[in-house]
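*Asks:* If you scroll down you'll find the structure; I have some questions about it.
The values are calculated or read from the model by the stated rules, or taken from the named source; none is laboratory data. Source: prediction; values computed, not measured. No Cβ is skipped: glycine too gets one built from the backbone with ideal geometry, and neighbour counts run over all protein chains shown. Remember, those area values only see protein heavy atoms, side chains included, never the ligands or the DNA or RNA. Shrake-Rupley method; radii C 1.70, N 1.55, O 1.52, S 1.80 Å.
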Amino acid sequence: MTEQHDQASWHLETSLVHAGDRTAPPVATPTVTPIYTSTTYLYPTLDELDAAFVSGEGYFYTRYGNPTVAAFEQALAQAEAARGAVAYSSGMAALHAALLAASTPRGETAPRPTSILAARDLYGSTTVLLEELFAARGAQVNYVDLCDAEATAAALQAYAPVVVLAESISNPLLHVLDLAKLVEQCRSYGARLVIDATLATPVLQRPLTLGVDLVVHSATKYLGGHGDAAGGIVAARTGLLHVTLVQQSRLLGATLGPYEAQQLQRGMKTLALRMERQCANAAQVAAYLTTHPAVAHVYYPGLAEHPGHTLAAAAFGGRFGGLVSFELAASTALPRFVDALRLFLPATTLGDLYSLVSVPALASHRELTPEQRAERGISAGLVRLSLGIEAIDDLLADLQQALACLEAA
Ligand SMILES: Cc1ncc(COP(=O)(O)O)c(C=O)c1O
């Protein structure tokens, strides 16, 4: 620790290293949380540092906690009505952490090789995570259509899973889960339920209030919303699961950095506004695509013919999400259609405030084998649109001209 009165006697080299740092914190409260880049925190005495380590409270080393990251965690925990949340450097790290925490028996700190029952329709890398980091290390991993209550009951009975994993709105086929029913089923078999709510966001649904155990977000998507920060976060319904996440995250080490935490928290401030606009744009795009002869099928929970429509209408407060997927009548026309788009950006992500187009077989699900894609209904002609906040007329005009290119060819 440096004392102010020593500074006058410092040589230039010493001043360059120390001057300006460790001054008293500002007297007034900053309106927004500053970006705390310091990796360490100082205590007046060694005893006080030791006491901070023992209690686990306060900050001492950034992998154990950082005030900027804590602000983002608090914002998400409040949005999800959670007991606490833990942030990670990506959505995949968050999923990994959630699966480890959910497979840690109550009262223990280490996860056990486990039995996981997963939805068949999941983001591609999530399936690969289950196969390559869990099944390959001795976990039992089974898949079922979790929208089918009878098949789910049979799978719970047959496999006795410790963890059930699903997406509340699935990527990319936009299946909608009956979370209240699934919570009931998981509880009666003693399984913990982990929900990836990246596509729904807390604006559409707050799964913990329905009894889900852990909620996961790829914050890279809607929470951040601007395509400039990667991150993930897990929100816990119970204090026990929160503590488990905190303890394990210190060892996993996939900690979120303070710069990203600040950007993601800033993104969250406009999440509700963005979602309203993105859902409204998606509804209009879905309605338009159903009328076009070059389009064979549209997947969108807001359409009356979508199998999850009634459920989604009740669960999501009249919004149906910002993604629309569809099959072109001629899958060979797909590259021409995507290349002809001018406003929709062909970027492999979703949830940003600009509109995006992606081909799941080539992007989000390219790591799956052709057989795995076929089992999951992900065809070569499937297109996924993520609607941004642009003016709807410009978006419709862009789709119209790109589809017209197919007719002309
Ligand atoms: C539903 C879903 N969950 C998790 C992830 C992984 O997130 P990240 O890319 O931030 O690791 C993605 C990425 O696209 C996703 O779509």
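*Asks:* Roughly how tilted is helix 239-252, in degrees to the nearest 10 and between 0 and 90, from the longest Cα axis of the chain?
*Replies:* The angle comes out near 80 degrees.
*Asks:* Can I ask one more? With a 10 Å radius around each residue's Cβ, average the other Cβ atoms per peptide and rank 172-179, 130-137, highest first.
*Replies:* Packing order, densest peptide first, comes out as 172-179, 130-137.
*Asks:* Along the charge dipole of the chain, pointing to its positive end and built from +1/-1 on Cβ of Lys, Arg, Asp and Glu, which listed residue (H306, I35, F337) has its Cα farthest out?
*Replies:* H306
*Asks:* Taking the Cα centre as origin and putting +1 on Lys and Arg beta-carbons and -1 on Asp and Glu beta-carbons, what dipole magnitude results for the chain, to the nearest 20 debye?
*Replies:* So the dipole magnitude of the chain works out to roughly 500 debye.
*Asks:* So in the chain, what percent of DSSP beta bridges are antiparallel if you round to the nearest 5?
*Replies:* For the chain, the DSSP antiparallel bridge percentage is about 60.
*Asks:* Still on this model: Report the net charge of residues surrounding T310, where surrounding means a beta-carbon distance below 15 angstrom and charges are Lys +1, Arg +1, Asp -1, Glu -1. Could you put the intermediate results ahead of the total?
*Replies:* On the way: positive: K181, R319; negative: D178, E305.
Around T310, the surrounding residues sum to 0.
*Asks:* Leaving out ligands, DNA and RNA, what percent of the accessible area of the chain is carbon and sulfur, probe 1.4 Å?
*Replies:* Within the chain, the accessible surface is 55 percent carbon and sulfur.
*Asks:* Give me the tail of P(r) for the chain as a percent: Cα-Cα pairs with distance above 38 Å. Show your work: numbers first, answer last.
*Replies:* Working: 22060 of 83436 pairs.
Of all Cα-Cα pairs in the chain, 26 percent lie more than 38 Å apart.
*Asks:* Same structure again: So what is the relative contact order of segment 191-235, in percent, for Cα pairs below 8 Å that sit 6 or more residues apart?
*Replies:* Dividing the mean separation by the residue count of segment 191-235 yields 36 percent.
*Asks:* How compact is segment 208-282 by the rule of thumb for globular proteins, expressed as Cα Rg over 2.2 N^0.38 Å? All intermediate terms of the calculation are to be shown ahead of the outcome.
*Replies:* On the way: Rg = 14.1 Å, N = 75, 2.2 N^0.38 = 11.3 Å.
Compactness ratio reported: 1.25.
*Asks:* Here's another thing I want to ask about it. Based on Cβ point charges of +1 for Lys and Arg and -1 for Asp and Glu, what charge dipole magnitude is obtained for segment 86-207 about its Cα centre, in debye rounded to the nearest 20?
*Replies:* Taking the Cα centre of segment 86-207 as origin, the dipole is about 400 debye.
*Asks:* On to the next question. Using each residue's phi in segment 330-339, evaluate 6.51 cos²θ - 1.76 cosθ + 1.60 at θ = phi - 60° and report the 3J(HN,Hα) Karplus result to the nearest Hz, with x for Gly and Pro.
*Replies:* In residue order, the calculated couplings are 10, 5, 5, 7, 4, x, 5, 4, 5, 5 Hz.
*Asks:* When the chain is fully extended, how far beyond the present Cα-Cα distance does A28 get from R63, taking 0.36 nm per residue of separation?
*Replies:* Extending this stretch completely gives an extra 9.9 nm.
*Asks:* How do 101-110, 249-258 rank on mean C-beta neighbours within 10 Å, highest first?
*Replies:* Values: 101-110: 15.4, 249-258: 18.1.
Ranked from most to least packed, the peptides come out as 249-258, 101-110.
*Asks:* Give the residue from G190, Y354, V383 lying farthest towards the positive end of the charge dipole for the chain; charges sit on Cβ (+1 for Lys and Arg, -1 for Asp and Glu) and the dipole is referred to the Cα centre.
*Replies:* G190
*Asks:* Within segment 46-79, list the GluC sites (Glu not before Pro) lying in a DSSP loop whose Cβ has at most 11 other Cβ atoms in a 10 Å radius. Present the calculation step by step, with values, prior to reporting the outcome.
*Replies:* Values: sites: E48, E57, E73; in loops: E57.
Filter output for segment 46-79: E57.
*Asks:* Could you grab the relative contact order for the chain? Cα pairs under 8 Å, six or more apart, rounded to a whole percent.
*Replies:* Numbers: 761 pairs, mean separation 65.2, N = 409.
Rounded, it is 16 percent for the chain.
*Asks:* Order the peptides 218-225, 156-163 from the highest to the lowest mean number of other Cβ atoms within 10 Å of their residues.
*Replies:* Result, highest mean Cβ count within 10 Å first: 218-225, 156-163.
*Asks:* Please give the Cα centre distance for segment 33-107 versus segment 174-220, rounded to the nearest Å.
*Replies:* 23 Å
*Asks:* Something else now. Quick check: net charge around I392, other residues with Cβ under 14 Å of its Cβ, Lys/Arg +1 and Asp/Glu -1?
*Replies:* Net charge around I392: -4.
*Asks:* Of L156, P172, A235, whose Cα points farthest to the positive end of the dipole of segment 144-243 (charges on the beta-carbon: +1 Lys, Arg; -1 Asp, Glu; origin at the Cα centre)?
*Replies:* So the residue we want is A235.
*Asks:* Also, I was wondering about something else. Per 0.36 nm of contour for each residue apart, how much would the distance between E407 and A149 grow if the chain were fully extended, relative to their Cα-Cα spacing?
*Replies:* Full extension of this stretch gives 88.7 nm more.
*Asks:* Lys and Arg at +1, Asp and Glu at -1: add these up for the other residues within a Cβ distance under 12 Å of V216 and post the number.
*Replies:* Net charge in that neighbourhood comes out at -3.
*Asks:* Another question, if that's okay. Angle, helix 91-102 long axis vs. longest principal axis of the chain, Cα atoms, 0 to 90°, nearest 10?
*Replies:* Once rounded, the angle reads 80 degrees.
*Asks:* I would also like to ask the following. Just to confirm the number: angle between the C-alpha axis of helix 258-269 and the first principal axis of the chain, 0 to 90 degrees, nearest 10?
*Replies:* Result, in degrees: 50.
*Asks:* In addition: Could you calculate the contour length gain from A8 to D339, that is, 0.36 nm times the residue separation minus the distance between their Cα atoms, to one decimal place in nm? Numbers along the way, then the final one.
*Replies:* Details: separation 331, 0.36 × 331 = 119.16 nm, distance 6.48 nm.
Between A8 and D339, full extension yields 112.7 nm more.
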